[in-house]
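Below: one structure, written as structure tokens.
The values are calculated or read from the model by the stated rules, or taken from the named source; none is laboratory data. Note that the structure is a prediction, hence the values are computed from the model and not measured. FYI the Cβ positions are ideal-geometry reconstructions off the backbone, even for glycines, and counts take in every protein chain you see.
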Amino acid sequence: MIIVGIEKSGNFVSHFEELDKREDGAPHFSPATYFLPTDDYIKKRVIYSDSSKRYGMDTYFGRKFLYKTRTRDILEWRRRKIDWTTMALLLVDLHGKRENSLSNQMRQTKAMSPQYAVRWWKKHRMRPPDLDPVEFMMKKLKWRYRKGTLSAGQSRIYLGDSRSKLKTISDQTRRARTKLLLTSPPYQGVTNYFYDQWLRLWLLGGPNKPYSPRQRCKRKFENKDEYTELLKSVFTESKALLARDAVIYVRTDARKFTYDSTIEALEHAFPRKRIRDETRSRPKFSQTALFTSKVKTKGEVDLLMW
Ligand SMILES: C[S@@+](CC[C@H](N)C(=O)[O-])C[C@H]1O[C@@H](n2cnc3c(N)ncnc32)[C@H](O)[C@@H]1O
């Protein structure tokens, strides 16, 4: 049926629903068509307004578009593969550098609070990019699938707190003895991975403003003892899943406390393995190098164990 921008209800959805009904009850639009309403259209027919300011100017997103899916159904991102893939693709490019994302300028790694973001854009006289979202996403999709799609074989995804989740992994998987542990644990005292990702979480059905859940693993990891304990317990627990000759690759923060604690936890869990800091060979690919031009020190490090 209909998607309005990335909204699942509200004025725009109702408007398109009305438009899509002919008198005989048949739908009006063919599947897989979209419509980009102009500012004039929105003010005359959807959100009535005399304002000279463009609709949505001071909001997070530039333009709204209405899309009727191929299946003529509403977006069911929790149930359908195509829909959840669409959401995942949208949220990758939701915010980032201006013109290279769907929003006004914002760090790709963090979503600021709405009031802060709007104040900052006003101060820097920044406007949301005026882009065609369909054209934009088609370009991104062509790039993403230029070498085809990934064949994941018999893979499984577990969602949960790794301190308890790893213990629930079946004996069969344990016996398979994994050859690679690739991870990026939280950085101590730097960011709240929920609060700072609120915009993406909202796109996946979460609240429409920044929030901080109660669980400790969803906060900023300010307590140093709890932080080191987390690293030690998770690495020790994952050891039971790994083959003797497994390779371990860990991306983490270069700041001293996180860096030292990670090395200590890794050496504690894997005393027989060698460890090497791989950072120097590929610093230009770090998040810090990509998004912050002013920082001279390296932001992230890659630790390799074998
Ligand atoms: C440095 S980020 C890495 C994110 C991910 N690798 C990526 O590139 O998007 C650390 C992640 O660990 C998650 N995390 C923190 N504590 C956790 C726990 N106990 N179990 C599972 N994940 C946890 C955070 O929510 C955060 O998403």
Among the residues of the stretch 151-199, which ones are on the phi > 0 side of the Ramachandran plot and either among the hydroxyl-bearing types (Ser, Thr, Tyr) or in contact with a strand residue (DSSP E or B) (Cβ under 7 Å, 6 or more places away or on another chain) (or both)? Arg177
In the stretch 224-238, the residues that are among the charged types (D, E, K, R) and more than 14 Å from Gly189 (Cα to Cα): Glu229, Lys232, Glu237
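Output the residues belonging to the stretch 146-164 that are of a type in the set (Ser, Thr, Tyr) and more than 16 Å from the ligand (Cβ to nearest atom).
If the condition is that a residue be of a type in the set (Ser, Thr, Tyr) and more than 16 Å from the ligand (Cβ to nearest atom), then Thr149, Ser151, Ser155 are the ones that fit.
Has the stretch 220-234 got any residue that is in contact with a His (Cβ under 7 Å, 6 or more places away or on another chain) and either at positive phi or within 13 Å of the ligand (Cβ to nearest atom) (or both)? Quick ask: steps written out before the conclusion?
Applying the first criterion (in contact with a His (Cβ under 7 Å, 6 or more places away or on another chain)) to the stretch 220-234 yields 232.
Right, trim to either at positive phi or within 13 Å of the ligand (Cβ to nearest atom) (or both) and you get 232.
Within the stretch 220-234 (the criterion being in contact with a His (Cβ under 7 Å, 6 or more places away or on another chain) and either at positive phi or within 13 Å of the ligand (Cβ to nearest atom) (or both)), the answer is yes, since at least one residue qualifies.
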For a quick check of your reading of the model, give me the residue pairs whose first member lies in the stretch 137-165 and is outside the structural domain of Ser184 (by TED's automatic domain parsing), whose second is loosely packed, with under 10 Cβ neighbours inside 10 Å and part of a loop (DSSP other than H, G, I, E, B), with beta-carbon atoms closer than 6 Å and at least 6 apart or on different chains. none
Residues located in the stretch 108-144, provided they are farther than 26 Å from Tyr67 by Cα and charged (D, E, K, R): Lys110, Arg119, Lys122, Lys123, Arg125
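Would you please name the residue that is modelled with the lowest pLDDT, looking only at residues in the stretch 162-198 that are in a loop (DSSP other than H, G, I, E, B) and polar (S, T, N, Q)?
Within the stretch 162-198, the first condition is being in a loop (DSSP other than H, G, I, E, B), and the residues that meet it are 169-170, 177, 184-194.
Restricting the remaining residues to those that are polar (S, T, N, Q) gives 170, 184, 188, 191-192.
On the way: Ser170: 81, Ser184: 96, Gln188: 94, Thr191: 87, Asn192: 88.
Only one residue tops the list, namely Ser170.
Residue by residue, here is whether (1) out of contact with any Phe, Trp or Tyr (no Cβ under 6 Å at 6 or more places or on another chain); (2) of a type in the set (Lys, Arg); (3) in a helix (DSSP H, G or I); (4) surrounded by fewer than 18 Cβ atoms within 10 Å (Cβ to Cβ) holds:
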| residue | (1), (2), (3), (4) |
| --- | --- |
| Leu89 | yes, no, yes, yes |
| Arg98 | yes, yes, no, yes |
| Pro128 | yes, no, no, no |
| Leu131 | yes, no, no, yes |
| Val134 | no, no, yes, yes |
In the stretch 243-280, anything touching a strand residue (DSSP E or B) at 6+ places or on another chain (Cβ under 7 Å), among the basic types (Lys, Arg) and in a strand (DSSP E or B) is listed as Arg251, Arg276
Failed item, numbered, when Leu159 is tested on (1) of a type outside the set (Ser, Thr, Tyr); (2) assigned to a helix (DSSP H, G or I); (3) under 21 Å from the mean Cα position of the chain (by Cα): (2)
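Looking at this structure, is Ser212 at pLDDT below 95 and within 13 Å of the ligand (Cβ to nearest atom)? Explain how you work it out, then say what you get.
Details: at pLDDT below 95: yes; within 13 Å of the ligand (Cβ to nearest atom): yes.
When the stated conditions are applied, Ser212 passes them.
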If I ask for residues that are out of contact with any Gly (no Cβ under 9 Å at 6 or more places or on another chain), surrounded by 13 or more Cβ atoms within 10 Å (Cβ to Cβ), under 16 Å from Lys110 (Cα atoms) and among the charged types (D, E, K, R), which ones from the stretch 183-226 would you list? Asp196, Lys218, Arg219
